[in-house]
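Every number in this text was worked out from the coordinates using simple rules, so none of it is lab data. A quick note: this is a predicted structure, and the numbers were derived from the prediction, not measured. As a convention, Cβ positions derive from the backbone with ideal geometry for all residues, glycine included, and neighbour counts pool all protein chains shown.
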Amino acid sequence: MKVVALAGGVGGAKLVDGLAALLNPDELSVIVNTGDDFEYLSLAISPDLDTVCYTLADLANPNTGWGRKEETWHVFDAIQSLGGLDWFRLGDNDLATHLLRTNWLQQGVPLSVITERLCSLWGIEHRVYPMSDDPVRTIVHTASGEALGFQEYFVHQACQPEVAYFEFEGAENARALPQAMETLNACDLVILAPSNPWVSIDPILEVQGYRSVMREKPVMAVSPLIGGKALKGPAAKMYQELGIRPTAFAVAEHYEGLLTAFVFDHVDRGELEKIEACRIIPLVTDILMKDEQDRIRLAEEVLLFGERILNRSH
Ligand code: GDP
Ligand code: CA
């Protein structure tokens, strides 16, 4: 079975890691959100690409959800002691990634090629695609009328501002990555990983082309919410501020018109009927991924469920 997963950072990376343990490199590709990308201290940072790649390469810091394990912080300690810009801290090994990426981008190498190079250096065999080689920037418009760059909102302001709506600057003119489109066209199943629907999956869907191919494919989403709560990050808070109750059903509804199947937690079993009423095929299971075993177990269930759906539709 050929699978394409759409992912943001932490939640997405965990499921992708489980899928990668079960599927061969020619059976799994990942399209990653780049709406979080930004420039900081003249460096090109791609947080979600790095989280996915570090996770797949077993280099990720398991405690933070960003950056690398076994990091040192000499550069940022020095920057801090000089009174420099330090609201977004980068570890020394992580900095090497950003320095190289920035340098290659300046030489005109596309982000997709850079990602391919890094993956190969890190021993990642599955394909990891940025959603586009053209810049897309998620802007958080707040209830008080401000327009914040995503990292400004997410890190600097610690997701405190109340959100009003999101804008994906550049998405309209960004070209979907041709290789990603090709893989998507040829796949049997699309999986929307348990990433933030508003700011991790939506930016990908906003890039022209992906959504229309996906309408022709079986699409399965895994809920990032359990019992009305996000495991990490502002997903639930965003739903609330946008006037929507943060439930598994709300996540399914978010992807209206796209979903064939939906995987959500036992805790939310009460929403089963509402989800089925939308003609979405449900799988109720344990969707919390605490460790490597959980990732593989959930990925296994998701793939078996996928096979069942495919058999049904043939
Ligand atoms: P970010 O870019 O790092 O914010 O990453 P994502 O958007 O990919 O991930 C954030 C989302 O992942 C949050 O909404 C979390 O609720 C969700 N998430 C994190 N861990 C888990 C997990 O173990 N299971 C599920 N189902 N969702 C998770
Ligand atoms: Ca992110």
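Worth pointing out:
- Region 154-168, residues that are free of Cβ contacts under 8 Å to residues at least 60 places away in the same chain, more than 17 Å from the chain's Cα centre (by Cα) and buried (at least 16 other Cβ atoms within 10 Å of the Cβ): 161
- In summary, helices (runs of 4 or more DSSP H) completely within region 247-314 and bearing 3 or more residues that are under 20 Å from residue 23 (Cβ atoms) occur at 292-313.
- Complete set of residues in region 233-242 that are more than 13 Å from the chain's Cα centre (by Cα), near ligand 1 (Cβ under 10 Å from one of its atoms) and not in a helix (DSSP H, G or I): 234
- Of all residues in region 72-104 being in contact with a helix residue (DSSP H, G or I) (Cβ under 6 Å, 6 or more places away or on another chain) and over 17 Å from residue 151 (Cβ atoms), the one that is surrounded by the most Cβ atoms within 10 Å (Cβ to Cβ): 104
- All strands (runs of 3 or more DSSP E) inside region 106-156 with 2 or more residues being touching a Phe, Trp or Tyr at 6+ places or on another chain (Cβ under 7 Å): 137-142
- Index of the failed condition, residue 163 passing every other in (1) under 17 Å from residue 51 (Cβ atoms); (2) aliphatic (A, V, I, L, M); (3) within 16 Å of ligand 2 (Cβ to nearest atom): (1)
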